[in-house]
Amino acid sequence: MASVVIPVHSYTWVFVLTMLFAFLDGYSIGANDVANSFATSVGSRSLTLAQAVLIAIFTEFGGAIALGASTTKTVKDGIIQTSLFNSRPDLLMSGFMCALVSSSTWVMFATYLGMPVSTTHSIIGALIGVGISAFGVDAVNWAWNGKGVAQIVTSWVLAPVLAGILAALIYLITLHAIMKRKNSLRAGIYAIPFYFTITTFIVMFFVVSKNGKSTLDFKASSTGGSIKVTGNVGLAFAIIGAVTGAVLLFCVGLLVPFFIRRLEKEEKLSWYHIFYIHCVPEQPQDPKIDLYLKRAFTPQLLKDDEKKELGMPVDDPEEDNEKELEKPPAKNPLVRFFNHIKLLLWRSIFIDVASVQHENKGAVRAHDVAIIYDNKTEYLYSLLQVMTAGFASFSHGSNDVANALGPLAGVYQIWSSGSFATEASVPTWMLAYAGIAIDFGLAFYGYHIMRTLGNNITYHSPSRGFSMELGAALSVVTASFLALPVSTTQCIVGATVAVGLCNGHWKAINWAMVAWSGFGWVLTLPWAGTCAGLLYAILTRGPSFTMPPGM
């Protein structure tokens, strides 16, 4: 049946509500999905929460604007048959709105509970609920073929297992080739060019092939099928090769000499000396370098006299800060307002997430089993971890943002043109709108997920965190080659558990938090689907001022 055209700018109220809940959906993606991506970097102390937020502001927003898709599928992976709505595009508008209301509120509720969930699965579940509510179970693709519900259910097991295997392999190689060596620092320094080159190649391939504007695609037509290559392969590999080659030259020419002088010879050097290290004369030794690194990566092991030597308060400074901020309200309303802002910023941006995680009893038991390696060697991997987190965030902004905008793009298309298509244009303002929402979500609510994951599952250090992030990114690329369903949220949890088990004991994992995460994955589809379906039924089949009973 040909699609019916409705008058342009009909049901403006639906469009306005969809805009509002699309912002909430973006906010929840930042608070849950993006926070999940940065949890390992913050948990290992390679980044503070404030630094992670600062990076994400540029990478998520920049990725969305620079490489975000100009078109997007309005219904993710064709999970429901939109052709059934051809005669009533107005009902499809309502369906998209209900899906966004359900998806955004569920992810926000899950974030409040500290439960990492797949935001993509949330919107898919909501669309499934709308499809069932409108036309029954036959409107939904339940099969394996065509990325149906069977693939989503399979991903609950497949994604963490695949990511776990890859992350464990990366960490075990690192553990035995570097961390357990007698002179692990020297081995780590000379391995830096290799690690940076391999990591750059993987993350650049991830970014080039997974951004919204890319024509490059390596994908099997079906699970187990042959891999087909489409797009400008030459240009893609020219970009990947150029960036990878530049990083290799940077490591060999500048980074290795800097680390030898800073970490082996312990000269007093600052980070900016990297760029002209060969011109910097010999500097005096830094006698406190071991203490500085201990404060950076293992502050829970600092003794009181070491804290005093570093000028740190012996008591918990975070507790003192919060008590200071929670003093009795000031009489002046302006002062009271600014005190509320200070409290909000401290709790959401400046909180020491890693320290909070170390207070969890289940996490403490898991940390007691973990082996702590040389902080100087760990420092080498902190730079790698920051790079993988930044690239992954940029790719997320360029790829997943457009997918999240599908329902909004569909409503906007019907509202502005009166007709509907399976693909809708995504104007730049819409990408910017979603990018801003995601940044706000990470900045002001992301700490809920970050304090749940990371160290709360197992002990994190830069070498472990790097292996987790690279394993998760590599599993997403590998799965896309083989047409296997995976979720980045589930991948990072699986990678975290696998690297934790490399400590050699099952007690190295806080299994209660793993079970909590798995419970969220299983609950997402039915919860989002039920809420969206019920809301759609109330809107379209409930009492109406314009339609008398019995009509």
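The values are calculated or read from the model by the stated rules, or taken from the named source; none is laboratory data. On a predicted model such as this, the values are computed, not experimentally measured, just so you know. Glycine also receives a Cβ, built like all others from the backbone with ideal geometry; neighbour counts cover every protein chain displayed. Note: accessible area is taken over every heavy atom of the protein model, side chains too, but ligands, DNA and RNA are not part of it. Shrake-Rupley method; radii C 1.70, N 1.55, O 1.52, S 1.80 Å.
For the stretch 171-179, state whether one or more residues are within 25 Å of G518 (Cα to Cα) and crowded, with 20+ Cβ neighbours inside 10 Å. Yes, the conditions are met somewhere in the stretch 171-179. For N360, the criteria (1) modelled with pLDDT of 75 or more; (2) open to solvent by 20 Å² or more (accessible area, probe 1.4 Å) hold in every case but one, which is (1). Just to be sure before I move on: is T530 in contact (Cβ under 8 Å) with a residue 60 or more places away in the chain and open to solvent by 10 Å² or more (accessible area, probe 1.4 Å) in the structure I sent? In short, yes. For K210, the conditions (1) at pLDDT 90 or above; (2) among the charged types (D, E, K, R); (3) surrounded by 20 or more Cβ atoms within 10 Å (Cβ to Cβ) all hold with the exception of (1). Going through (1) at pLDDT 90 or above; (2) open to solvent by 10 Å² or more (accessible area, probe 1.4 Å); (3) within 17 Å of F38 (Cα to Cα) one by one, A495 falls short only on (2).
Specify which of the listed residues (S102, S83) is within 30 Å of H9 (Cβ to Cβ), part of a helix (DSSP H, G or I) and out of contact with any helix residue (DSSP H, G or I) (no Cβ under 6 Å at 6 or more places or on another chain).
Numbers: S102 fails: out of contact with any helix residue (DSSP H, G or I) (no Cβ under 6 Å at 6 or more places or on another chain).
Going through S102, S83 in turn, the sole match is S83.
Looking only at the stretch 14-24, which residues are open to solvent by 10 Å² or more (accessible area, probe 1.4 Å) and in contact (Cβ under 8 Å) with a residue 40 or more places away in the chain? First the steps, then the outcome.
If we filter the stretch 14-24 for residues that are open to solvent by 10 Å² or more (accessible area, probe 1.4 Å), which is where we start, we get 15-17, 19-24.
Those that are open to solvent by 10 Å² or more (accessible area, probe 1.4 Å) and in contact (Cβ under 8 Å) with a residue 40 or more places away in the chain: F15, L17, M19, F21, A22, F23, L24.
Examine the stretch 437-453 for a residue that is closer than 30 Å to V369 by Cβ, open to solvent by 10 Å² or more (accessible area, probe 1.4 Å) and β-branched (V, I, T), and state whether such a residue exists. Outline the logic, then answer.
Within the stretch 437-453, the subset closer than 30 Å to V369 by Cβ is 446-453.
The next check asks that each one be open to solvent by 10 Å² or more (accessible area, probe 1.4 Å); those that pass are 447-448, 451-452.
Filter again for β-branched (V, I, T), leaving 452.
Scanning the stretch 437-453 turns up at least one residue that is closer than 30 Å to V369 by Cβ, open to solvent by 10 Å² or more (accessible area, probe 1.4 Å) and β-branched (V, I, T).
The single condition from (1) on the phi < 0 side of the Ramachandran plot; (2) surrounded by 18 or more Cβ atoms within 10 Å (Cβ to Cβ); (3) of a type outside the set (D, E, K, R) that Y11 fails is (1).
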